[in-house]
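Presented below is the structure to which this report refers.
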Amino acid sequence: MSTGKKAGGRGSERAVISNVIPFNPLEKKVLGASIAEVLLTTRAYPLASPFPLRGAGVYAIYYVGTQFAPYALLAQKNSNGRFVWPIYVGQALPSGGRRGVSTVDGDPALRQRIGKHRRSIEAASANLSVGDFHYRALVMDDAFIRLAETSLLALFKPIWNNYIDGFGNNAPGVERGTSMRSRWDTLHGGRAQATAHADREETRDQLIAEITQELATTNFDIPDTLINAVGQSTQPEAIYAEVAARTSSRSETSDESPGRPA
């Protein structure tokens, strides 16, 4: 009888500690998370300052202002130089990168892309100011730029990417002139390109009410680490606690059993 109990206990323990997914350091989610972590360690620059490095990569823009009340929660999260929750993230591909054309070293893709965003905010109406924004940027191998942007979007779901669309739009061509004005241009206005689009059905006040609700329900908690081993890193305490409980139970059963004759 005692032999059966021990075998059952060991089998249960093995079932507990082996129920994991082997960690794959080359999995796309892991690679993307590692890139996101590195970006968060880079220096934050005022948006008014051009990016001092040459190259392509990813970037994140942070709001720290007080002029536009609906963004107050974002400003609070990014206060005191923390810059932890971007209002927008994007990618800057090297020249010809979308066509698969090889590029020369030192491509100023990040500097140009961030400069374009600075001009958009400069053109906006009185509720935004370039001084209300900072950014981080990471120069990286162009093979991983799209993966990095996707990971940042999934992690932060920035409001100018996921909800208030249009900030990163280029000026419309002839075929795009009849499309609807973006939410960003409806909300902030000022850009000449916005006049080429038809008005939206939503009013600016409606968008402000929706933004306020969206940010009020956003979970701003960021995990201490973005990389973990599923079944190993996510709930190690629960796994170890269950193993310990089973071990303790077997120990108590053994103590209660009659001792062997001397």
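The values are calculated or read from the model by the stated rules, or taken from the named source; none is laboratory data. Predicted model only: the values in this text are computed from it and were never measured. Heads up, the Cβs are rebuilt from the backbone with ideal geometry, glycines too, and the neighbour counts pull from every protein chain shown. Surface areas here come from the heavy atoms of the whole protein model, side chains and all, with no ligands, DNA or RNA. Shrake-Rupley method; radii C 1.70, N 1.55, O 1.52, S 1.80 Å.
The one condition from (1) outside any helix (DSSP H, G or I); (2) at negative phi that G190 does not meet is (2). Among the residues making up the range 52-78, a single one is open to solvent by 40 Å² or more (accessible area, probe 1.4 Å) and in contact with a His (Cβ under 7 Å, 6 or more places away or on another chain): V64. When N169 is tested against (1) within 30 Å of G55 (Cα to Cα); (2) in contact (Cβ under 8 Å) with a residue 60 or more places away in the chain; (3) open to solvent by 40 Å² or more (accessible area, probe 1.4 Å), only condition (2) is not met.
Say whether the condition of being part of a loop (DSSP other than H, G, I, E, B) and either among the polar types (S, T, N, Q) or modelled with pLDDT of 95 or more (or both) is met by at least one residue in the range 121-128. Let's see the steps before the verdict.
At the first step, the residues of the range 121-128 found to be part of a loop (DSSP other than H, G, I, E, B) are 124-128.
Next, from what is left, pick out any that are either among the polar types (S, T, N, Q) or modelled with pLDDT of 95 or more (or both): 125, 127.
Looking for residues that are part of a loop (DSSP other than H, G, I, E, B) and either among the polar types (S, T, N, Q) or modelled with pLDDT of 95 or more (or both), one finds at least one in the range 121-128, hence yes.
Picking from residues in the range 79-120 that are at pLDDT below 80 and within 29 Å of R183 (Cβ to Cβ), the one that is surrounded by the fewest Cβ atoms within 10 Å (Cβ to Cβ) is R98.
Per the listing A192, A209, A148, A124, the residue uniquely open to solvent by 50 Å² or more (accessible area, probe 1.4 Å), out of contact with any Leu (no Cβ under 6 Å at 6 or more places or on another chain), among the aliphatic types (A, V, I, L, M) and in contact (Cβ under 8 Å) with a residue 24 or more places away in the chain is A192. Taking the criterion of being more than 13 Å from the chain's Cα centre (by Cα) and closer than 22 Å to A209 by Cα, the residues of the range 129-164 that qualify are S129, D132, Y163, I164.
Exactly one residue among T150, T178, T203 is β-branched (V, I, T) and either under 29 Å from K28 (Cβ atoms) or modelled with pLDDT of 95 or more (or both), and that residue is T150. Note on the range 37-46: among residues that are modelled with pLDDT under 95 and outside any loop (DSSP other than H, G, I, E, B), the one that is least open to solvent (accessible area, probe 1.4 Å) is L39. Here the condition is being surrounded by fewer than 13 Cβ atoms within 10 Å (Cβ to Cβ) and modelled with pLDDT of 90 or more; of S18, S2, S49, it holds for S49 alone.
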